[in-house]
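So the structure is just underneath, and the comments pick up after that.
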Amino acid sequence: LLFWGAEGAALFELMEGLEDMREPGNITVLDTILRGWFMSVYQFSLASRVGEFDEDAPEDVRRNVRELGDALEADTIANVLTAREGGGDWRPFMKGLGSLGPGRFAEIMEDSLSWDVMFAEPMVRSTGIAADESKARVLNFFRCSSFGDAGTWTDAEVEAAERLIARDPRLRKVFGRVEIIRESLSETIKKAVGAPILALVFLVVAIGFLCFGVSQDPNLKDQ
């Protein structure tokens, strides 16, 4: 149901549209958004362990950093970026998000992300999906019970999902991009694990991302 349910179908339609949009350097918009989102979650995990915040950091950002960071160990996030054949497993990551409580991850994302920047007018024109609708699709997916249950999937259910992705053109396109991101971020994350001094730097980046959104070129174009 994570892929087949109404929430999943709506989200992956949006993600396919974002994958078809190109930024300078032939990078897709989906790549930019997913990469920025994942690195921010990782940075939260590190920053929350430092326990120090700039005095100008908004209180709601501090709270979100602490809650999300406490729910996700840095090595759990790093494990998401390890290929399954190499022992990687994304389920502990999903369990961590679920431990925030029903709908809490969606609340953190709704409060923190700069949605008007993420889903700016060029995206609306290209995807044909209004900004409010795009935001709703993302948050509805995070709120759905199937998303919360994914961390408890058995090995057989994971294998069934992989077969489904391989058969479905839309899912194959989206997860093909996810795999590219996983491979490119893997070494960066591995090097950062065990280096908590980087957390202070990462916190600045994370707050900037969540307060101001993903920077995008105004001349976005379709593939």
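The values are calculated or read from the model by the stated rules, or taken from the named source; none is laboratory data. Model, not experiment: these values are computed from the prediction. Cβ coordinates were reconstructed from backbone atoms using ideal geometry, including for glycine residues, and neighbour counts include every protein chain displayed. Just the protein is used for accessible areas: all its heavy atoms, side chains included, with ligands, DNA and RNA removed. Shrake-Rupley method; radii C 1.70, N 1.55, O 1.52, S 1.80 Å.
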Förster-model FRET efficiency, 41 Å R0, D155 and A57, C-beta, rounded to 0.05: 0.50
With every protein chain in place, the range 140-181: carbon and sulfur % of accessible area (1.4 Å): 54 percent
Computed over the range 19-176: relative contact order in percent, which uses C-alpha pairs under 8 Å that are six or more apart: 19 percent
For peptides 5-11, 87-93, 64-70, sequence by mean Cβ density within 10 Å, most packed first: 64-70, 5-11, 87-93
Sorted peptide list for 156-164, 94-102, criterion being average Cβ within 10 angstrom, highest first: 94-102, 156-164
Computed FRET value (nearest 0.05) for S99 with N26, which takes r as the C-beta separation and R₀ as 41 Å: 0.60
Neighbour net charge for F105 - beta-carbon separation under 10 angstrom, K R +1, D E -1: -1
Volume per residue of the C-alpha convex hull in the range 13-142, rounded to whole Å³: 136 Å³
Rounded, prolate or oblate (a/c below 1.5 giving rounded, otherwise prolate when a/b exceeds b/c) for the range 87-138 by Cα gyration tensor: prolate
